[in-house]
1. FRET efficiency for B:H100 and B:R444, Cβ-Cβ distance as r, R0 = 41 Å, nearest 0.05?
2. Take the Cβ-Cβ distance between A:Q11 and B:A321 as r, set R0 to 41 Å, and report the resulting FRET efficiency rounded to the nearest 0.05.
3. Using the Karplus curve 6.51 cos²θ - 1.76 cosθ + 1.60 with θ = phi - 60°, work out ³J(HN,Hα) for each residue of the stretch A:178-183 in order, rounded to whole Hz, and write x for Gly and Pro.
4. Return B:K82, B:K411, B:K393 ranked ascending by Cβ neighbour count within 10 Å, so the fewest neighbours appear first.
5. Taking the simple approach of a point 7 Å from Cα along Cα-to-Cβ for both A:M296 and B:R144, what is their distance in nm?
6. Can you list the GluC sites (Glu not before Pro) in the stretch B:172-254 that are in a DSSP coil and have 16 or fewer other beta carbons within 10 angstrom?
7. So the label point goes 7 Å from the Cα of A:N145 along Cα→C-beta, right? Which residues of the stretch A:62-84 then have their backbone N under 16 Å from it?
8. Find me the longest stretch of chain A that has none of the exposed trypsin sites (Lys or Arg not before Pro), where exposed means in a DSSP loop (not H, G, I, E or B) with at most 13 other Cβ atoms within 10 Å.
Amino acid sequence: MKNRILHYTFQFGALAFIALVVLFFSLYNEHFFTYSNLTDILRSISIVTFVAIGVTISLMVDGFDLSVGATMSLSTVVTAALMVWYQMPLIVVLIVPLLIGAAVGLLNAFLIVKIRIPDLLATLAVMYIVNGIHKTYTKGYSVYNHMPLQDGTTAPGEMLKSFLWIGQGKLLGVPFPVILMIVAVVCAHVFFKYTRWGRQMIMTGGNEEAARLSGLRVKRVRVAAYIASGVLAAIGGMLFAARIGSGQIDAGAPYLMDSVAAVFVGYSVFAAGRPNIVGTFFGAVLMGVLVNGLTMMNVQYYTNDIIKGAVLVLALAVTFIHMSRKKT
Amino acid sequence: MKPDGSASVLRMRGIAKSFAGVPALKGVDFTLRGGEVHALLGANGAGKSTLMKILSGAYETDEGTLEIDGKPIVLRSPADAKRAGIHCVYQEVDTSLVPHLTVGENIMLDKLASPSGDRWIRWGALHEEAARVLERIGLPLSTRRRVRDLTLSEKQLVLIARLLAEKAKFVILDEPTAPLSLEEAETLFRIMEGLKRDGIGVVFISHRLPEVFRVSGEITVMRDGQRVWTKSRGETDMLEVVRAMLGRSFEEEYPKMEAPIGDTLLSVRGLAAGTKVRGVDFDVRAGEIAAVVGLVGAGKTELSRLMFGADPAERGTVTVAGRQADLGSPAGAIASGIALVPEERRKEGILVRESVLHNLSLPILRTISRSGFLSGAAERRHGNDTVTSLGIKTAGLGQLTAYLSGGNQQKVAIGKWTATDAKVFLFDEPTKGVDIGAKSDIFRIIGQLAQQGKAVVYLTCEFAEALGLADRILVMCDGRIVKQFKRGEATQEDLLYYASAGREEPS
């Protein structure tokens, strides 16, 4: 009986905790549990969810991608620059950042799979490089409509309306980024649950040598995972540019932390104890709810990080206590 | 040596040790005198390593006494043993050395790490002293080389030099020659002579009988946790040793299933890599079970991994049904029709944190998916069929394989291949850590595979199993196939004789 209660605690503890937090904020502030605020929360986590899905995929193959924040920053400024500096059509604006994300992923994969640098170190190094590239590219300035250029003239273009709609528009009363996010979460979940490639990634992460001896081309699988991670970070960057309406530099830096936190909170959802898409989504939701609610409570924004960190510690503690209990 | 010049004597009396109620040692006596090389022999599981672990302080004995020169000693830890002058050189030399330090530092490590040592390190004196030790055992090696740049045999010798620097009186060499080439073994024997001259008692564990008879003065044979006898070299010969190691071997009953034998399905030609596999040739026909037997370290696992593309081969080819197999990767080997059930079941054979269902479907994901989407129904059907036909005892398909018994884990590791197109099955020690019931299930599965016209290669160090199961037995020793027997031609004694290099060493 006691075991059963414990079992349910681990299984649904994370969801119960989210419900509790929502309940607390709803009681505290009448404006919290309203349609507009809830969609606001979802919109605010849409970007971090994309980046976090990428991190989840890298963890799924037993790796880690630290470069997602930098990739997102690069994608943000490139997206803006394509419109503001070069006046490119929408299709180019949508495709080039994705290619850049894939290229960063390929570089990571090359260092990790071919040169065999440990994941954390390789992506840390790439994070530096990509960070430097995106600042060098914009000479350290954010990219915005008709910005003054080095030669004294102003930039010719401005952000396309159609592009901004991606980040700011609504479809049937739902913010478009939220729809994109839900589609991404569902697709990623289906990918890992029901497709051969998803299964291959899970098995490779489970035990690379055993997977290799079962005939999986584990190197290819890992390369694909890092490319996916890079592309998803790039999508995060595009969404950010569309949301803000300019190409902020260093946009991705805080998103690395938040996405990693979301992924690891996700470990505790349904007592999975491993990276999983649904968990990552709920992790992002929890983080979003906390930030939103604490802001409404007029908690200073720099205090938020303490609470986010504490929640992460709690989730990790629950996960690892559960896992070591299972072993014995 | 004692101050008065006479040799020290180490005595173990009535040593007994059980693990979880299963006795591993039953009242063993063992005496080691300074200045002698004493060989300790026995088949796998005879209790040699347990006895030596007690002597080196890794295990505590349940019963019995140890004494040096008549004074009783108690060994609760390896540190106790070292204080008593007993040192052990294990096979894994790398774990005992610090790779990025120099030879000199490694030899003098004890002094460097000792809390009672000098506060300052005097590098000149340190290297001088280390060089003196190396000279004493006749090893021409610079003390300033990094240990990580040394060959395996040099590392082993550095370890021996360290024992001397630490004033060892008794040294255990646990299968030191297994990884060595002939010349390297010669160097080791020369150094063992040096140890003898210094009055150090050496326990020498080896599977190679010719070298045992060359270097040891005394020979002790163990079997089933007991000492069979101790004799000096002149009083015995190799055949007597082999007989003593095996004892009155009760042949276990193995259900040999008759299978029609067809054409040659598998041909291995000149397969070689490193010092472990040195050019292996053999053929296996459809429906035939060929056992490759050999002692631990003979190169069987390495051979199976080469044949499966798990490790890169330096030379040689594998042909399956007339077509040369792709050994570039396991995926290539599988596509060529080869399946491997590896020895390290929990690390390589199955994924312990995944379900039975997902483990079984892993090699056939392509067949059970359509345009990339897995068919859950097809996967479950395959899982259920395999569980039923192989008799895998599991709470359900969703059960994590970590929670299955060893035998059922092994059935999963085998079962995942049964639905593939594999024509050649390689089994590496498939009965290791498997209970009797599951063992006969596994033999039945292997027999059925043969009846389906597969070629089976069964690599094992259990000679009785090979005799019971195989149509043909290939004896492997030091990376080569040294002898072939047809079914019914060989006895365990014959197999052990050839597996222990019981023939003239090729010169």
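Just so you know, all these numbers are worked out from the coordinates, no wet-lab data involved. If you're wondering where the values come from, they're calculated on a predicted model, not measured in any experiment. When we count neighbours, we look across all protein chains shown, and the Cβ atoms used for this are built from the backbone with ideal geometry, even at glycine.
1. Details: r = 52 Å, r/R0 = 1.26.
With a Förster radius of 41 Å, E is 0.20.
2. Details: r = 51 Å, r/R0 = 1.24.
It comes to 0.20.
3. Here the 3J(HN,Hα) series is 5, 4, 4, 4, 5, 4 Hz.
4. B:K393, B:K82, B:K411
5. 7.3 nm
6. Working: sites: B:E183, B:E184, B:E186, B:E193, B:E211, B:E218, B:E235, B:E240, B:E251, B:E252, B:E253; in loops: B:E251, B:E252, B:E253.
Passing sites in the stretch B:172-254 are B:E251, B:E252, B:E253.
7. Only A:80-84 pass the distance filter.
8. On the way: sites that count: A:R116, A:K139.
Value returned for the longest uninterrupted segment is A:140-328.
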